[in-house]
Amino acid sequence: MSFATAILARRCPRLCHVFAKNPVHSFQFLGLYRGYSKKNECIKMGTKDKLMKIIGEQCNTNEDKVTVVGCGDVGMACTFSILAQGVSSDVTMIDLNADKMKGEMFDIQHGCLYLNAKVASGTDYAVTANSKICVITAGVRQKEGESRLNLVQRNTDVLKDIVPNLAKHSPDAIMLVVSNPCDILTWVTWKLSGFPKNRVLGSGTNLDTSRFRYYISQRLGISPDSVHGWVLGEHGDSSVAIWSGVNVAGVRLQDIHPEAGSDNDPENWKGVHKDVVQSAYDVIKLKGFTNWAIGLCASAQVKSIIRNSNKIHPASTYVKGMLGITDDVFLSMPCVLGRNGVSAVIDPNLNSEELCYMKYSAAKMLEVASGLKM
């Protein structure tokens, strides 16, 4: 009996008489043991096997997979909001900056005890395969004093690489565009993807509307979710505040204060919309970028789609044929969001002034889109 075999036999005394009667068995057993040990060094203790009895294969695919493109400040705000609010249990991040992306992924994974979610990342678009929703936040950041529309060609060029790759790996996905200028880039994404119009939308004026309701609530001393009102049109300087529909508990502001939102209003409610338009510029001037509010707004839209809640959000959608608009453009309208993306658009029943502003916003989008190099 060899020295190694003797050691094995000592660990298991019952082997001694076997090896003594037939030395061949000792050499066979030693060979098997060495082969098994070499291949299974990390699991030879069998901890997992002792802990649990496997009765079926684990399912490694989720129906709520969300991909967030871009790991900048906006992308991470979207990712964190989606995870922290339990919107999706499977989030994948993709970015060209591999080190930054891995660092962000590890940082979130270390808190997965409190998220109950799977978080992955990669630079290869193959990691985005089978996504239900692709949230596009990548692009050039808006600078202080720069309008969203100034970003358009630079970010269009960025999307030329992103969108076809997303469409290739997730042909049934819904694309949600957050990058600015949101409405133009949503149109660009629709063109590049070849997807039907219901499966391409932009975060649009969901953020403007959130700001609008917040500022009104501060004037009235109530919660923002008790204020009902909409900002539609462009997510930008030509956005349209729908003062005719603003109400609290069903009471329209213009029923008790007809001048609300007009130029001759002594209470200057119109200043609320000016604050909404100016908000992004103020935040960018103070901290260099905006991210938390848009992250929460995008997460709310993703939630409505994944949960198939048919909740109505302001979202940038294809508006040709609505409100007398004949242009091939995307603007924010009240959209019903569910598993198929935009299932319906609500007619906001605008007054003549609001309708005029919406048509102006559409014309502005057409003017910018027509100058793009696709």
Scan region 189-224 residue by residue and report those that are aliphatic (A, V, I, L, M), surrounded by fewer than 22 Cβ atoms within 10 Å (Cβ to Cβ) and closer than 26 Å to Leu159 by Cβ.
Leu192
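If we scan region 341-353, do we find a residue that is crowded, with 21+ Cβ neighbours inside 10 Å and closer than 30 Å to Leu83 by Cα?
Checking region 341-353: at least one residue is crowded, with 21+ Cβ neighbours inside 10 Å and closer than 30 Å to Leu83 by Cα.
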Within region 84-111, the count of residues that are closer than 16 Å to Cys71 by Cβ and either among the polar types (S, T, N, Q) or touching a residue at least 12 places away in the same chain (Cβ under 8 Å) (or both) comes to 15
For Gly338, indicate whether it is within 26 Å of Trp190 (Cβ to Cβ), small (Gly, Ala, Ser) and free of Cβ contacts under 8 Å to residues at least 60 places away in the same chain.
yes
Restricted to region 215-250 and to residues being of a type in the set (Ser, Thr, Tyr) and part of a helix (DSSP H, G or I), the residue farthest from Ser131 (Cα to Cα) is Ser244
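Part of a helix (DSSP H, G or I) and either more than 26 Å from Ile174 (Cβ to Cβ) or modelled with pLDDT of 95 or more (or both): does that describe Ser81?
Numbers: part of a helix (DSSP H, G or I): yes; either more than 26 Å from Ile174 (Cβ to Cβ) or modelled with pLDDT of 95 or more (or both): yes.
Yes; evaluated as a whole, the condition is true for this residue.
For region 346-374, name all the residues that are in contact with a Ser or Thr (Cβ under 6 Å, 6 or more places away or on another chain) and within 22 Å of Pro181 (Cα to Cα). Outline the logic, then answer.
Pass one, region 346-374, residues in contact with a Ser or Thr (Cβ under 6 Å, 6 or more places away or on another chain): 351, 361, 364, 372.
Once the filter is applied, which keeps residues that are in contact with a Ser or Thr (Cβ under 6 Å, 6 or more places away or on another chain) and within 22 Å of Pro181 (Cα to Cα), region 346-374 yields Ser361, Lys364, Leu372.
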Any chance Phe212 is at pLDDT 95 or above and either part of a loop (DSSP other than H, G, I, E, B) or closer than 18 Å to Asp73 by Cβ (or both)
no
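May I ask you to say which residue of Val227, Val231, Val240 is in the same structural domain as Val272 (by TED's automatic domain parsing), farther than 30 Å from Thr61 by Cα, surrounded by fewer than 24 Cβ atoms within 10 Å (Cβ to Cβ) and modelled with pLDDT of 95 or more? Even if it seems obvious, please write down each step before you answer.
Working: Val231 fails: surrounded by fewer than 24 Cβ atoms within 10 Å (Cβ to Cβ); Val240 fails: surrounded by fewer than 24 Cβ atoms within 10 Å (Cβ to Cβ).
Checking each option against the conditions leaves just Val227.
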Identity of the residue in region 347-374, aliphatic (A, V, I, L, M) and over 17 Å from Trp243 (Cβ atoms), that ends up farthest from the chain's Cα centre (by Cα):
Ala363
Restricted to region 110-169 and to residues being over 24 Å from Asp99 (Cα atoms) and of a type in the set (Gly, Ala, Ser), the residue modelled with the highest pLDDT is Ala167
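Yes or no, residue by residue, for (1) without any contact (Cβ under 8 Å) to a residue 40 or more places away in the chain; (2) crowded, with 23+ Cβ neighbours inside 10 Å; (3) assigned by TED's automatic domain parsing to the domain that holds His313; (4) of a type outside the set (Lys, Arg):
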{"site": "Gly122", "(1), (2), (3), (4)": "yes, no, no, yes"}
{"site": "Ile136", "(1), (2), (3), (4)": "no, yes, no, yes"}
{"site": "Gly139", "(1), (2), (3), (4)": "no, yes, no, yes"}
{"site": "Glu144", "(1), (2), (3), (4)": "no, no, no, yes"}
{"site": "Val152", "(1), (2), (3), (4)": "no, no, no, yes"}
{"site": "Val158", "(1), (2), (3), (4)": "yes, no, no, yes"}
{"site": "Ala173", "(1), (2), (3), (4)": "no, yes, no, yes"}
{"site": "Asn180", "(1), (2), (3), (4)": "no, yes, no, yes"}
Keeping to region 75-99, report how many residues are out of contact with any Lys or Arg (no Cβ under 9 Å at 6 or more places or on another chain) and surrounded by 15 or more Cβ atoms within 10 Å (Cβ to Cβ).
12
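Tell me, which residue of region 170-207 that is in a loop (DSSP other than H, G, I, E, B) and among the β-branched types (Val, Ile, Thr) is farthest from Val66 (Cα to Cα)?
Residues of region 170-207 that are in a loop (DSSP other than H, G, I, E, B), as a first pass: 170-173, 178-181, 194-196, 203-205.
Next, only the ones that are among the β-branched types (Val, Ile, Thr) stay: 178, 205.
Values: Val178: 14, Thr205: 21 Å.
Only one residue fits best here, namely Thr205.
Going by what's in this entry, would Gly245 be described as of a type outside the set (Asp, Glu), crowded, with 16+ Cβ neighbours inside 10 Å and either more than 29 Å from Leu151 (Cβ to Cβ) or more than 32 Å from the chain's Cα centre (by Cα) (or both)?
So Gly245 fits the description; yes.
Hey, could you check region 118-145 for residues that are part of a loop (DSSP other than H, G, I, E, B) and touching a His at 6+ places or on another chain (Cβ under 9 Å) and say which is nearest to Ser88 (Cα to Cα)? Write out each step before concluding.
Filtering region 118-145 down to residues part of a loop (DSSP other than H, G, I, E, B) leaves 123-124, 129-132, 137-145.
If we keep only those that are touching a His at 6+ places or on another chain (Cβ under 9 Å) as well, we get 129-131.
Numbers: Ala129: 16, Asn130: 14, Ser131: 11 Å.
Among those that are part of a loop (DSSP other than H, G, I, E, B) and touching a His at 6+ places or on another chain (Cβ under 9 Å), it is Ser131.
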Qualifying position, being within 30 Å of Gly288 (Cβ to Cβ) and either of a type in the set (Gly, Ala, Ser) or at pLDDT 95 or above (or both), among Leu220, Leu176:
Leu176
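The values are calculated or read from the model by the stated rules, or taken from the named source; none is laboratory data. A quick note: this is a predicted structure, and the numbers were derived from the prediction, not measured. Neighbour counts are summed over all protein chains in view; Cβ atoms, including those assigned to glycine, are modelled from backbone coordinates with ideal geometry.
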